[in-house]
Amino acid sequence: MESRDDDQRDQNDHDEVESHDGEGLYIQLISVHGLIRGRDLELGRDADTGGQVTYVLELARALAAHPSVDRVDLLTRRIDDPRVGEDYSRETEELAPGASIVRLECGGRRYIRKELLWPHLDSFADQVLRHTRSVGRIPDVIHSHYADAGYVGALISGFLGAPQVHTGHSLGRVKRQRLLDKGLKPETVESKYNISTRIEAEEQALDNASLVVASTHQEVREQYALYDNYQPKRMVVIPPGVDLDRFRPPDRRWRRPRIQAEVERFLREPKKPIILAISRADPRKNVGALVRAYAITPELRDMANLVLVLGNRDSIRSLDKEPREVLTEVLHLIDDHDLHGHVAYPKHHEADDIPRIYRLAAHRRGVFVNPALTEPFGLTLIEAAASGLPVVATNDGGPQDIIENCKHGMLVDPLDAEAMGKALRDALSDRRRWRGWSRNAVRGAHRHYSWSGHVGSYLRVIRNLTRKTARRKVPAVTGTRLPLVERLLITDIDNTLIGSEEGLEALKRLLEESRIGFGIATGRNIDSARRVLKKWKVPDPDVWLTSVGSEINYGSKVVPDAGWDRHIEYRWDRDRVVAILADIRGLRLQGAEGQRKHKVSYYADPKKMPPIRDIARALRKDGLAANLIYSHGAYLDVLPIRASKGRALRFLAVKWGLPVESILVAGDSGNDEEMLTGDTRAIVVGNHSDELGKLRGRPNVYFATGEYAHGIVEGIEHYRFLEARSNGEWEENGNGANGNGANGSGANGSGANGNGNGAGERVTVENGSAGEALVDTTAREAETGK
Ligand code: GLC
Ligand code: MG
């Protein structure tokens, strides 16, 4: 399905690609990081603003232009920071009829690099849910881009019951290997790039996604294959398109572009054909070998000039180390081989100059060259093709596919400078062949790499997914006030609600006087929960989240939520989970009370058992998906991937239209963690267990000094939870969510990270410094240095 050799078929498919209710499709694209806006893209301004940004914008527009699509929302992070343009703070921006950018809060206003966004993604997911409620429609597809969005996509696809499609863009396991090969220490790779958090997010996205869209076969074969969750059957190769309005061949109206002066000032005979290279100044792009090839092939100097567009710079001296080294090597080679007057290396250009430079090279009957050591995709070759410019390209990676499709040039071994020189000479000297290549180039780009073609293939594939998504029916429920209340307190039972008789009395008095909803979330099963509440004389809750959120029941009649039960059945295979975990050291099955349809529970001995991550891996290796929740340093609960206390709570929020911010949650241990993070207002009671220490300093997490229910009462006061407010806004005591001194430790508490749970072992993120190199470039390459 990866080739689109039949445009007619796209047309015929239109009427079939419809969502289940007869309306056109509603698609949410999620791409969290970088600087995204509709025009004047700042590609290459930093490592987070590159090919992916172009990809998602062009995809959004092309999808919306298709007759079977109603609405496309491109969801990204809102940035309100004087260091970047004001555009990035606008809440919505229309891209085209039916397509807009929607910017949601995530981790404050400042523009920060993607490696620092991890702790804020739960909150981003809540914002997505809120946005979805305001649209009033569940998306037919949630398409996540890159690991961060993959994590968010997996969460909300679970909450909303909509299928997730995922595109990795670049993969953490591959990056880690590359950095280690370069000689970086594993600790550095970890602290600078949060690489294991990223990889875990990728695994979770792969766990959940119904479909993975890759750009090349090599990506599927060699990159995704490194993942525990490698499922080639769920992967499809659909290469990205190129904007064919921007990248087009020179025509009769062709006029000298402004950028030409910037190029020609370097050249003695500027009218000669151009050998053009456009890339980031990254050692892997192997530009030195190209200059060497040019130098050692004497005829080339007479035949053509060499033009190197290697990003923007004010001064080589002020570049980061790697681009500085690349440019310095280029200068040395020019001088050593006395290439002065033959090589241009312009200092500045704008994004819009790039298509003009390709056209200039095509006009001068030149050739584009990509000498990279390895090229995962090779978007520049397609841009060259669309401009009518033949190519000479590395034989390693994506260019194989592209040249096979477009037949507009030849492949070379990037390590063989002599061969590269010969290839360039041959490409330039045979005029007839040049014309043939140039013609093939334009035709091939239109045939294989148009966005409309991409969307045609895309919709053909996702049609199957959306058909499967049946309409969800909301069961009628009695015995609960949930549809009426505007606020809801959900508390854990053991060591939170109960433990102090006196505290519990105080809490009961508060609740009696108020009209808020009341729910419990517990590791116990429903019978055991009912028993203990009776014993402690706690009134029946409006909602029961029992067995660690794997079961939801409502009100005094204890009506089960069958929708939830169906919803979390997804990819759950209880028997196989039990079989595989039987062999793991340090785990002992709990008794019958602990075992439920959607919950397998163990007593865990932290001294004997392997790290949770390894247990997760053992399951994945067998193709099983599960959510592992470790608590009290003594229990391990294994749940379906869509289940946990936090996920159950968000399911409630969506189902009953309660904003997540109007839910106050209280807990003491690891199995409470997922409901304490994100946009809920959270209380951690004074007697909490160690594993929650890492939440200190998180926004909206209040660490009470009071123990048990005393802590809940204290938290209610802290958040002024019972004070009705007509505008639905909150005002807290103290300054900020963690205003009181008792809360100590800075913005990023120390992470006792030994035991991650299903939410991903969130490796502690340090503030500031160690910024990923801010690479300066304009090449729009799908493979920007991520
Ligand atoms: C309760 C449950 C047990 C579970 C534990 C941690 O004690 O009975 O099955 O493992 O909570 O969630
Ligand atoms: Mg507890």
Which residue, of TYR55, TYR88, is touching a strand residue (DSSP E or B) at 6+ places or on another chain (Cβ under 9 Å), of a type in the set (Phe, Trp, Tyr) and within 25 Å of PRO239 (Cβ to Cβ)? TYR55
Being within 20 Å of ARG647 (Cβ to Cβ) and not small (Gly, Ala, Ser) narrows it down to one residue among ARG585, ARG620; which is it? ARG620
Right, GLY667: under 12 Å from ILE490 (Cβ atoms) and modelled with pLDDT of 95 or more or not? yes
The listed residue being in contact with a strand residue (DSSP E or B) (Cβ under 7 Å, 6 or more places away or on another chain) and of a type in the set (Val, Ile, Thr), out of ILE498, ILE526: ILE526
Filtering the stretch 589-615 down to residues that are closer than 22 Å to THR197 by Cα, part of a helix (DSSP H, G or I) and in contact (Cβ under 8 Å) with a residue 60 or more places away in the chain, which residue is nearest to the chain's Cα centre (by Cα)? ARG613
Could you tell me whether the stretch 703-718 includes any residue that is crowded, with 20+ Cβ neighbours inside 10 Å, of a type in the set (D, E, K, R) and in a loop (DSSP other than H, G, I, E, B)? no
Of the conditions (1) surrounded by fewer than 16 Cβ atoms within 10 Å (Cβ to Cβ); (2) among the aliphatic types (A, V, I, L, M); (3) within 30 Å of GLY398 (Cα to Cα), ALA261 clears all except one; give me its number. (3)
Exactly one of GLY456, GLY479 is at positive phi and either more than 16 Å from ligand 2 (Cβ to nearest atom) or modelled with pLDDT under 95 (or both), and that residue is GLY479
In the stretch 637-649, which residue that is within 23 Å of the chain's Cα centre (by Cα) and more than 17 Å from GLY678 (Cα to Cα) is nearest to ligand 1 (Cβ to nearest atom)? PRO640
Could you tell me whether SER123 is polar (S, T, N, Q) and either within 23 Å of ILE641 (Cα to Cα) or under 15 Å from the mean Cα position of the chain (by Cα) (or both)? yes
From VAL242, VAL307, VAL291, residue being at pLDDT 95 or above, closer than 24 Å to GLU42 by Cα and buried (at least 23 other Cβ atoms within 10 Å of the Cβ): VAL307
The number of residues in the stretch 678-690 that are surrounded by fewer than 24 Cβ atoms within 10 Å (Cβ to Cβ) and more than 10 Å from ligand 2 (Cβ to nearest atom) is 3
Report yes if ILE493 is crowded, with 20+ Cβ neighbours inside 10 Å and in contact with a Ser or Thr (Cβ under 7 Å, 6 or more places away or on another chain), otherwise no. yes
Kindly indicate whether ALA634 is within 15 Å of ligand 1 (Cβ to nearest atom) and surrounded by fewer than 19 Cβ atoms within 10 Å (Cβ to Cβ). yes
Quick one: GLY421 ticks every box in (1) crowded, with 24+ Cβ neighbours inside 10 Å; (2) out of contact with any His (no Cβ under 9 Å at 6 or more places or on another chain) bar one, so which box is it? (1)
Just checking: which of the helices (runs of 4 or more DSSP H) contained wholly in the stretch 490-581 hold 3 or more residues that are among the charged types (D, E, K, R) and within 16 Å of ligand 1 (Cβ to nearest atom)? 526-535
Run down ILE142, ILE138 and say which single residue is at pLDDT below 90 and of a type outside the set (D, E, K, R). ILE138
So, restricting to helices (runs of 4 or more DSSP H) that lie completely within the stretch 146-237, which ones have at least 2 residues that are hydroxyl-bearing (Ser, Thr, Tyr)? 146-160, 186-193, 195-208
Of the conditions (1) free of Cβ contacts under 8 Å to residues at least 12 places away in the same chain; (2) touching a helix residue (DSSP H, G or I) at 6+ places or on another chain (Cβ under 7 Å), ARG365 satisfies every one except a single condition; which number is it? (1)
Within the stretch 206-228, identify whether any single residue is among the basic types (Lys, Arg) and surrounded by fewer than 19 Cβ atoms within 10 Å (Cβ to Cβ), and answer yes or no. yes
Take the stretch 665-693 and flag every residue that is out of contact with any Phe, Trp or Tyr (no Cβ under 7 Å at 6 or more places or on another chain) and over 23 Å from SER601 (Cβ atoms). GLY678, ASP679, THR680, GLY686, GLY693
For the stretch 36-51, indicate whether the set of residues that are surrounded by 24 or more Cβ atoms within 10 Å (Cβ to Cβ) and under 24 Å from PRO163 (Cβ atoms) is non-empty. yes
Going through the stretch 543-601 one residue at a time, which ones are of a type in the set (Asp, Glu), farther than 14 Å from ASP637 by Cα and modelled with pLDDT of 95 or more? ASP573, ASP575
Restricting the stretch 650-677 to residues that are polar (S, T, N, Q) and not in a loop (DSSP other than H, G, I, E, B), the residue that is nearest to ligand 2 (Cβ to nearest atom): ASN671
Residue check, ALA295 small (Gly, Ala, Ser) and farther than 27 Å from ALA445 by Cα: yes
Among the residues of the stretch 654-684, write down those that are in contact (Cβ under 8 Å) with a residue 40 or more places away in the chain and within 16 Å of ligand 1 (Cβ to nearest atom). VAL665, ALA666, GLY667, ASP668, SER669, GLY670, ASN671, ASP672, GLU673, GLU674, MET675
Take residues that are free of Cβ contacts under 8 Å to residues at least 12 places away in the same chain and tell me which of the helices (runs of 4 or more DSSP H) falling wholly in the stretch 239-322 contain 2 or more. 298-303
Working only within the stretch 126-145, note down all residues that are in contact with a Gly (Cβ under 7 Å, 6 or more places away or on another chain) and either surrounded by 24 or more Cβ atoms within 10 Å (Cβ to Cβ) or assigned to a strand (DSSP E or B) (or both). ASP126, ILE142, SER144
The listed residue being in contact (Cβ under 8 Å) with a residue 40 or more places away in the chain, of a type in the set (A, V, I, L, M, F, W, C), within 13 Å of ligand 2 (Cβ to nearest atom) and closer than 26 Å to GLY670 by Cβ, out of ALA521, ALA529: ALA521
The one condition in (1) crowded, with 19+ Cβ neighbours inside 10 Å; (2) in contact with a strand residue (DSSP E or B) (Cβ under 7 Å, 6 or more places away or on another chain); (3) modelled with pLDDT of 95 or more that PRO399 fails to fulfil: (3)
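The values are calculated or read from the model by the stated rules, or taken from the named source; none is laboratory data. These figures come from a predicted structure and were not determined experimentally. Please note: Cβ atoms are built from the backbone with ideal geometry, for glycine as well, and neighbour counts cover all protein chains shown.
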